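The values are calculated or read from the model by the stated rules, or taken from the named source; none is laboratory data. Remember, predicted model here, so these are calculated numbers, not experimental data. With ideal geometry, Cβ positions are generated from the backbone for all residues, glycine too; neighbour counts draw on all protein chains shown.
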Amino acid sequence: MKNLQHITFQFFHSFEITEVQVHKACQGIKKLSSVKKINLNFFSRCRFADVGIEIIAKTIKKFKFLQDLSLQIPDWRSLTDQGVNILSKSLKRLVSLQKIDLSFVSCYNITDVGLQSLGESLQKLISLQSIKISFEDYEKRSKITDKGVKSLSKGLQRLKSLQCINLNLSYCVFITDAGLQDLSEALKNCKFLRDFRLDFIHCSQIGDLGLQYISESYKTLAKLQVLHLDFLRCQKITDSGMQSVIEGLQGFTSLSQVVLGFYDCKKVSSSAIDDLRNTLKIIVPSRNYEVKIKEKKEKKKK
């Protein structure tokens, strides 16, 4: 057991998980110092989430050789900035970390203050090659704003070895085009990026300018192979934003997979979608692309 290098712990329960149960789960792995990969998945609510996350944080910081960390705590609704700050302090110590996956889905009490702590910790993880973070909040209670996106962006800006970025800020309704501007500036430094995925579903304040910023950033990523952008029901997006997407795609030779989501963006015309598809036919020879839209129903002839 001492030479064990990969741990996966999953907790499924129809009731709330307690801090005692979190403690028991973490106690079992504390002595396995050689572990390089840890998956901790708590698919149950935790009433005292800040206490639970502190237990997890104290455990993971002991793994100095950890290269891959996945922490899934969806629906820990009582988790606050204090808990995120405690976790971030532990993450700073994991200097060997190459891959990180953090899910805070429906943790709607986290604010920009928590994202600032997380962004500061990311700056220290210079060996990171892959990062996946989700603050998706289906109930639209998220308090995250452009300020929080800016803090995350500052963290990403220092990570020049990144090959994969996957950010999901869907339903964070206070995010605007300004947040995407900060994110796009950070991406320009990620010259080795191969896989880029953004989800801003139902972010109603994002419009054409935001798409322009993102398009200007990914067109500088010469090694990019996978592009996934989802702006479902971002109602401010128009044909002008689509044109920015198309212009950003021009000249790519390395793309092997593209998924673009503009489902129910009502101000986007059919002709703009056709132009986008025609562009993708040229730049993705494998035809491995998808444009997700709400197809308009044809009126039946009387």
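Of note:
- Test for S121: is it surrounded by 18 or more Cβ atoms within 10 Å (Cβ to Cβ), among the hydroxyl-bearing types (S, T, Y) and out of contact with any Lys or Arg (no Cβ under 7 Å at 6 or more places or on another chain): no
- When F252 is tested against (1) outside any loop (DSSP other than H, G, I, E, B); (2) surrounded by fewer than 21 Cβ atoms within 10 Å (Cβ to Cβ), exactly one condition is not met: (1).
- Residue list for segment 3-45, restricted to those being part of a strand (DSSP E or B), over 27 Å from N109 (Cβ atoms) and polar (S, T, N, Q): T8
- Selected residue (criterion: modelled with the lowest pLDDT) from residues of segment 80-99 that are basic (K, R) and closer than 16 Å to K37 by Cα: R93
- Selection from segment 101-116 of residues that are assigned to a loop (DSSP other than H, G, I, E, B) and in contact with a helix residue (DSSP H, G or I) (Cβ under 9 Å, 6 or more places away or on another chain): F104, C107, N109, I110, T111
- Residue check for D68: crowded, with 17+ Cβ neighbours inside 10 Å, of a type in the set (D, E) and more than 21 Å from V20 (Cα to Cα): yes
- Residue that is out of contact with any His (no Cβ under 7 Å at 6 or more places or on another chain), modelled with pLDDT under 95, more than 23 Å from H202 (Cα to Cα) and not aromatic (F, W, Y), where the choices are K281, K297, K292, K266: K281
- Whether a residue is surrounded by 19 or more Cβ atoms within 10 Å (Cβ to Cβ) and of a type in the set (S, T, Y) was assessed, and Y263 does not pass this test.
- Some residue of segment 82-100 being within 29 Å of K219 (Cβ to Cβ) and touching a helix residue (DSSP H, G or I) at 6+ places or on another chain (Cβ under 8 Å): yes
- Within segment 88-110, the set of residues being in contact with a strand residue (DSSP E or B) (Cβ under 8 Å, 6 or more places away or on another chain) and either of a type in the set (K, R) or under 22 Å from R45 (Cβ atoms) (or both) comprises K99, D101, L102, S103, F104, V105.
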